Amino acid sequence: MITIYTYCNEKGIKMIKLTLKDGSIREIENAMSAAEVVKGIGMGLYKAACAVKLDGKVCDLRTAIENDCTFEVLTFDDKDGKHTFRHSAAHLLAQAVKALYPDAKLATGPATDTGFFYDFNVEKPFTADDLVKIEKKMKELSKEGLEIERFELSPEEAINLMTERNEPLKIELINKHVSQGDKLSFYKQGDFVDLCAGPHLMSMAPIKAFKLTACTGAYWMGNAEGPQLSRIYGTAFPKASELEEYLKAVEEAKLRDHNKIGRELEFFTTVDYIGQGLPIMLPKGARVIQLLQRWVEDEEQKRGYLLTKTPFVAKRDLYKISGHWDHYREGMFILGDPDDETKECFALRPMTCPFQYQVFLNRQRSYRDLPMRLGETSTLFRNEDSGEMHGLIRVRQFTISEGHLVLRPDQLEEEFRGCLDLANYILDTLGMREDVTYRFSQWDPENTAKYEGTVEQWDEAQGIMKKILDHIGLDYEIGIDEAAFYGPKLDIQMKNVHGKEDTIVTIQIDMLLAKKFGMEYIDADGSRKIPYIIHRTSLGCYERTLALLIEKYAGALPVWLSPTQVEIMPISDAQLEYATNLYNKLDAVGIRAHVDSRNEKIGYKIRQAQLEKVPYMLVIGDKEIESGAVAVRSRKTGETEVMSADELVSKLLTEIASKAL
C-alpha cells in the first residue's frame with residue numbers, strides 16, 4: 001500500500017487520504033464514518049457492504065475515520081464480510097430466543113466458517129420443534145429491519161446494565177474483559193442488547209435468508225465442570241438462492257461423510273467399551289493405511305531420510321526437558337502420579353521429537369553429518385476432549401509420518417523447501433492439493449505464557465520463515481496464536497465435508513529445543529554450534545488422511561489405494577475354477593482381487609460390487625471361458641470391455657504404477 005500523509009487544502013480544511021484496495025486514492029474532508037465514505041463511492045457498494053478493513057483491521061461501517069489509512073470495503077464475498085453478516089445473524093437468533101424464552105440466559109454467539117451459533121443457559125435444552133418457532137420469530141424480527149446501534153460503557157455501567165437484565169454469564173465476561181484491559185462495547189437492536197466486540201451490520205434488514213440447522217449441548221467456556229448450555233447452530237446468506245444451494249450441498253456432504261460411508265464400506269468401526277477416539281481399523285481401512293505408510297516411507301528413503309523406531313512411552317524427565325510437561329501436560333496420557341516426585345511417572349508420547357533427538361545425541365556430530373533427516377511412522381497419543389472426537393478426523397491414538405531434520409543455519413531454506421516439496425508431491429499424488437490452503441502459524445505476543453523463548457527469538461524465527469515462504473512465492477494466510485510452543489509453523493489446512501478445517505501437514509522451524517537437549521555439532525572452524533531443527537510431517541495423520549480421502553472420493557478410492565481392486569464374479573459354479581485361476585494370476589503380480597463365489601444371481605453380485613466401490617468387475621461366463629477372455633466392467637466409465645487376461649494384467653499394473661486418480 002502507498003503511504004500518504006494528511007494535509008490541509010487551500011481553504012485550511014483537513015483532508016484525509018484513503019488508499020483503496022486497487023491502490024487508488026480517495027480524499028475526504030474532516031472525519032466521517034466508513035459508511036458515509038462507502039456511500040460516496042456508490043450506493044450499490046454500500047448496500048452490499050458488510051464491514052470495512054482499515055489498516056488491515058476489520059471494523060464496523062459506523063467506525064469514524066479520522067486519519068489517513070488503507071481502506072477496503074468488505075462484502076459477503078469476503079471471508080471477513082461473511083463473518084460480520086453471520087455474526088449479526090447470531091444476534092438476531094439471540095433476540096428471537098429472548099423474545100420467546102425470556103428466562104434464557106445469554107452466553108456467547110460467534111460466526112463460524114459456515115454459519116453461526118449462540119449458546120444459552122436454559123432450564124430445558126432446545127429441541128427441533130423449538131427451532132421451528134425460533135426461526136419463525138427471527139423472520140418476523142428481520143422484516144422489521146431494526147437498526148443496530150453500538151455503544152461503550154464503563155465497567156460499573158456495564159455490570160449494572162447486565163445485572164438489570166439478569167445476565168450472569170455476561171457479567172462474568174465483563175469481569176474477564178476488564179481484567180484484560182479490554183473496552184466494553186455493546187450492540188443494540190430494538191429492546192435487545194448484547195455485550196459484543198463486533199463488528200456488525202448497520203441493520204438487520206439484509207438478513208433475510210437463514211436456517212437454524214441443529215441444537216446441541218455445550219460447556220460454558222469449554223469447561224466440563226461449568227454450566228451445561230444449549231447451543232443453536234444456523235447459517236445465513238444475503239439471497240435465498242444461496243441458502244438453498246448451501247443446504248443442498250450440506251445434504252450431499254452427509255452422503256460423503258466418512259463417519260457414515262467409512263462404516264458402511266467397513267473401513268473402520270468404533271466400540272463404546274473401548275472408548276471414544278479409539279477406532280478399530282477393519283481389514284479395508286488397515287490395508288489402505290498400510291499402502292500409504294509403505295509409499296511414504298519409500299518416498300522418504302529416496303529423499304535421504306533415515307528410518308527410526310522409538311518408544312511409545314517415556315519418563316516425565318524427558319518431557320520436562322522438551323517443555324511438553326509444562327506446555328502440553330493436560331493433553332497427555334499419564335501413567336502414575338504426575339505430582340509425586342518420589343516415584344517414577346511415565347506418559348504416552350504426544351509427539352516423537354524428543355525421542356528422535358536421541359539419535360543425533362548418540363555420538364558427537366560434525367557439520368558434515370548435517371543435514372540429518374530422521375523419519376518415523378509414529379503412533380501418538382493425545383488426550384482430546386470427548387466433544388472434539390469425530391470419526392477418524394480427531395482421535396486419541398493415531399499414526400503420523402513424523403520427521404525431524406537437524407541442520408546448519410545455512411541449510412534451513414533448502415531443507416524447508418524440500419519438506420514442502422515432499423508434502424506437495426504427496427498431496428498432488430492423492431489428488432488433494434487443490435483442496436488445501438496454507439497457514440503461517442505465528443505466536444501471540446500478547447499471550448507469551450504458553451510459549452518458550454524470548455520476543456527476540458520469536459521475531460528471528462518468524463522473520464526467517466516469512467523470508468523463506470516469500471522466496472518460495474507461497475500464497476498463505478497468517479494465523480496468530482497457532483504456533484507450536486517452540487516455534488512458528490507452516491500448516492497445510494483442509495476442510496472436511498462439513499466445512500471444519502484441520503491441519504493435515506505441518507512444517508515447523510525450531511530454534512529452541514536443540515539447546516535444551518544439549519545438541520551440538522563441530523563446525524568447519526572447530527567451534528561447537530547449536531543446530532536448527534525442522535519438525536515436519538509428509539502426510540500427517542494417516543487416520544485423518546483416510547477420512548478425507550473417503551470424503552473426497554465418496555468411498556471410491558483410486559485404483560492403487562482400493563482395498564479390493566478387482567472383483568471376479570462367476571455366473572455359476574461352472575465358472576468357479578476359471579475364476580479361481582484368474583484370481584491366482586492377478587494375485588501373483590500383486591493385484592488385490594476377490595472371487596465372489598456366492599450362489600447369487602450375477603445382477604446381485606454386480607450391484608454389490610458397485611456398492612462396495614470396487615474399481616473393476618470381471619463377469620465370467622461360458623463365453624469368457626471358451627474365448628479365454630474376460631469381460632471387464634469399469635467403475636469409472638460404467639462400460640464393459642472384453643480383453644485377454646494378459647491384457648487385463650498389463651492394464652491394471654500400468655494404472656496402479658502411475659497412481660492414476
| remark: Relative to the chain, whose Cα atoms define the longest principal axis, helix 283-302 and its Cα axis are tilted in degrees, nearest 10, by 80
| Protection proxy ranking of 127-133, 500-506 - average other beta-carbon atoms within 10 Å, highest first | 500-506, 127-133
| request: For the stretch 278-331 and the stretch 600-638, write down the distance between their C-alpha centroids in whole Å. | output: 40
| message | Let me check something: with ligands and nucleic acids excluded, how do 450, 183, 309 order by accessible area (1.4 Å probe), largest to smallest? | response | 309, 183, 450
| request: Could you pull out which residues in the stretch 413-444 have an amide N less than 14 Å from a spot 7 Å beyond the Cα of residue 495, following the Cα-Cβ vector? | output: 435-438
| request: Give the relative contact order (percent, whole number) for the chain; include only Cα pairs under 8 Å separated by 6+ residues. | output: 9
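Quick one: which of 531-539, 567-575 comes out on top by average Cβ neighbours within 10 Å, and what's the full order, highest first?
Top of the packing list down: 531-539, 567-575.
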| query | Given a Förster distance of 45 angstrom, what is the FRET efficiency for residue 143 paired with residue 585, based on the Cβ-Cβ distance and rounded to 0.05? | reply | 0.05
| task | Report, in deg cm²/dmol and to the nearest 500, the calculated mean residue ellipticity at 222 nm for the chain, where each DSSP H run with n ≥ 4 adds -39500 (n - 2.57) and the sum is divided by the residue count. | result | -11000 deg cm²/dmol
| If you line up the long axis of helix 412-430 against the longest principal axis of the chain, both from Cα atoms, how many degrees apart are they, to the nearest 10? | 70
| field | Translational diffusion of the stretch 537-661, µm² s⁻¹ [Kirkwood Rh, Cα pairs; Stokes-Einstein; 37 °C; 0.692 mPa s] | value | 216
| remark: For the stretch 367-436, inverting the pair-averaged 1/r of distinct alpha-carbon atoms gives a Kirkwood value in Å of 14.8
| said: If you build the convex hull over the alpha carbons only and average its shadow over all orientations, what do you get for the chain? Give it in nm² to one decimal. | reply: 38.9
| Segment residue 359-residue 636, length gained on full extension (0.36 nm per residue, minus Cα span) | 95.0 nm
| said: Per residue, how large is the accessible surface of the stretch 116-199? Use a 1.4 angstrom probe and give square angstrom. | reply: 56
| query | In degrees between 0 and 90, to the nearest 10, how far off the longest principal axis of the chain does helix 155-164 point, with axes built from Cα atoms? | reply | 80
| query | Expressed as a whole number of Å, what is the distance separating the alpha-carbon centroids of the stretch 52-118 and the stretch 154-200? | reply | 16
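When you count, for each residue, the other Cβ atoms within 10 Å and take the mean per peptide, how do 430-438, 192-200 rank with the highest first?
Going by the mean number of other Cβ atoms within 10 Å, highest first, we get 192-200, 430-438.
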| message | Using 21 Å as the Cα-Cα cut-off, could you pick out the over-long pairs in 302/651; 53/79; 98/208; 105/495? | response | 302/651; 105/495
| request: Express the carbon and sulfur contribution to the solvent-accessible surface of the chain as a percent, rounded to the nearest whole number, probe 1.4 angstrom. | output: 49
| query | What FRET efficiency, computed as 1/(1 + (r/R0)^6) with R0 = 30 Å and r the Cβ-Cβ distance, is obtained for residue 459 and residue 79, rounded to the nearest 0.05? | reply | 0.65
| field | Entries in 139/500; 39/188; 466/516; 284/343; 309/515; 170/500 that, when Cα-Cα distance is taken, lie over 32 Å | value | 284/343
| note | Per the C-alpha gyration tensor (a ≥ b ≥ c, the square roots of its eigenvalues), the stretch 199-255 is rounded if a/c is under 1.5, else prolate if a/b beats b/c, else oblate; here it's oblate
| Once a ≥ b ≥ c are taken as the square roots of the eigenvalues of the Cα gyration tensor of the stretch 384-491, is the result rounded (a/c under 1.5), prolate (a/b larger than b/c) or oblate (a/b not larger than b/c)? | oblate
| With labels modelled as points extended 7 Å from the Cα through the Cβ direction, what inter-label distance (nm, one decimal) is found for residue 223 paired with residue 178? | 1.8
| How big is the stretch 534-575 in terms of Cα radius of gyration and Dmax, in angstroms? | 16.8, 61
| In bins 10 Å wide, starting from 0, what share of all Cα pairs of the stretch 293-359 does each bin hold, as a percent? | 19, 42, 23, 13, 3
| field | Cα gyration tensor shape for the stretch 395-446, rounded if a/c is under 1.5, else prolate or oblate | value | rounded
| Cβ-placed point charges (K, R +1; D, E -1), dipole of the stretch 58-194 about Cα centre in debye, nearest 20 | 460
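The values are calculated or read from the model by the stated rules, or taken from the named source; none is laboratory data. Values in this document were obtained by computation on a predicted structure and should not be read as measured data. For neighbour counting, all protein chains shown are included, and Cβ atoms are generated from backbone atoms with ideal geometry for every residue, glycine included. Just so you know, the surface numbers come from the protein's heavy atoms only, side chains and all, with ligands and any DNA or RNA stripped out. Shrake-Rupley method; radii C 1.70, N 1.55, O 1.52, S 1.80 Å.
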